[in-house]
1. Filter segment 320-338 down to residues that are surrounded by 15 or more Cβ atoms within 10 Å (Cβ to Cβ) and either outside the structural domain of THR253 (by TED's automatic domain parsing) or under 22 Å from the mean Cα position of the chain (by Cα) (or both), then give me how many there are.
2. Considering ILE240, ILE321, ILE264, which residue is touching a strand residue (DSSP E or B) at 6+ places or on another chain (Cβ under 7 Å) and over 25 Å from THR85 (Cβ atoms)?
3. Can you confirm whether segment 313-333 contains a residue that is of a type in the set (S, T, N, Q), over 13 Å from VAL220 (Cβ atoms), assigned to a loop (DSSP other than H, G, I, E, B) and touching a residue at least 60 places away in the same chain (Cβ under 8 Å)?
4. Residue by residue through segment 255-264, note down the ones that are farther than 22 Å from THR331 by Cβ and crowded, with 18+ Cβ neighbours inside 10 Å.
5. Restricted to segment 276-300, and to residues that are farther than 20 Å from ILE321 by Cβ and touching a Pro at 6+ places or on another chain (Cβ under 9 Å), which residue is surrounded by the fewest Cβ atoms within 10 Å (Cβ to Cβ)?
6. List, please: which pairs have Cβ atoms under 7 Å, are six or more places apart or on different chains, and start with a residue in segment 290-308 that is at pLDDT below 90 and end with one that is part of a loop (DSSP other than H, G, I, E, B)?
7. Do we find that TYR215 is among the aromatic types (Phe, Trp, Tyr), in the same structural domain as VAL281 (by TED's automatic domain parsing) and within 26 Å of ARG109 (Cβ to Cβ) in this structure?
8. Would you check which residues across segment 84-96 are assigned to a helix (DSSP H, G or I), of a type outside the set (Lys, Arg) and either more than 15 Å from the chain's Cα centre (by Cα) or buried (at least 20 other Cβ atoms within 10 Å of the Cβ) (or both) and list them?
Amino acid sequence: MKAKNIFFGFLGGFALLQFFPINKTLPPTEAVQEFNMVQKPPGEVMTLLKHACYDCHSNHTRYPWYANVQPVGWWMQDHVEEGRTELNFSEFGRWSDFERREVLDHCARLIEKGKMPLPSYLPMHPEARLTPKQKALLVHWLRDPVPDTQPAKGAKFVHLPSASDTCDDNENVYCCFVGMPENLTSEMKIAGKNEPGERLFLRGRVFKADGKTPYPEVVVYAYHTDAQGIYSKNGDETGIRRWHGRLHGWCRTDAEGWFSIRTIRPASYPNSRAPAHIHHVVREPDGSAPYYINDTVFEDDKFVDDRYRETERRNGGDSGIVKVQRQQEGTWEGKRFITLKKR
């Protein structure tokens with residue numbers, strides 16, 4: 001009798017959940033902002049992206065029948081909302097050229113590693129299963145997005161020279177150290193006094209993997225957006241600076257592992273839920289390969305929410321969330337402690 005009551009109680013609860021369906025109304029979309037209008041991909045590429053990406057990363061989600069069954073629909077809607085927050089192809093035109101390039105390159109990397117489409121998405125969406133040939137096609141185009149346009153009769157095109165010899169590969173972390181000054185101090189100065197924005201002074205200390213031993217002679221590279229959320233440039237950048245912009249710098253930790261950064265407080269990307277952040281790459285003195293650590297973000301940023309904190313934990317490494325306080329003269333100051341991973 002007890003088992004029977006439990007069963008009917010479960011059945012009643014399940015039935016009650018069905019009175020709370022998800023809202024499947026699709027967000028409004030401006031055609032001129034759509035990915036296919038901005039990038040003009042070849043038809044085969046667009047078809048693959050629609051099958052593999054658009055349900056979670058656009059305003060054109062196709063809800064299957066089981067989205068009407070709760071709590072499955074709630075779980076699915078949460079994934080869709082998170083996916084649109086990370087990347088929305090229906091709002092692609094709102095981003096700068098640099099941001100588009102960075103997003104497409106990131107997509108190519110995820111596809112190469114088999115992280116996208118999500119494995120959990122594939123069983124019910126066989127059309128999203130990419131063959132090796134389809135993966136290669138997508139990755140190649142995403143890294144070199146040539147529009148699907150045909151030249152007008154008699155049109156002439158100028159072939160721009162390759163800049164690969166200047167280390168312009170944004171995936172190659174070694175490129176971050178091209179152009180680094182020979183004599184580094186423990187202080188990094190990124191923004192000059194005429195740079196628009198609120199001043200920021202960040203103190204940091206690097207520890208070895210035990211979290212206790214100060215780590216001297218670690219080279220830290222940092223770059224970030226300007227006060228408008230753009231990786232702004234002077235116009236003469238070459239190599240990886242065409243990606244990272246002019247607001248970047250290097251320093252080397254002192255005998256006690258300390259370093260500092262004097263710059264401005266960066267802004268979040270326009271039309272994005274990503275918090276304002278500073279990217280960091282570290283190079284240990286043992287000659288091992290450099291690597292990215294978690295970005296520095298600011299505790300008072302409205303986008304540093306529970307979702308961001310969970311994502312940061314999944315990425316591994318110590319937290320980059322920093323509490324900053326405005327001083328009397330107007331400068332924001334904060335402190336970050338960094339424990340490097342075991343090698």
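The values are calculated or read from the model by the stated rules, or taken from the named source; none is laboratory data. Worth saying up front: this structure is predicted, and the values here are computed from it rather than measured. Please note: Cβ atoms are built from the backbone with ideal geometry, for glycine as well, and neighbour counts cover all protein chains shown.
1. Looking only at that region, the number is 5.
2. ILE264
3. Within segment 313-333, one or more residues are of a type in the set (S, T, N, Q), over 13 Å from VAL220 (Cβ atoms), assigned to a loop (DSSP other than H, G, I, E, B) and touching a residue at least 60 places away in the same chain (Cβ under 8 Å).
4. Across segment 255-264, the qualifying residue is only GLY257.
5. PRO285
6. What qualifies is TYR308/PRO275.
7. Criteria not met by TYR215.
8. Across segment 84-96, the qualifying residues are PHE89, SER90, GLU91, PHE92, GLY93.
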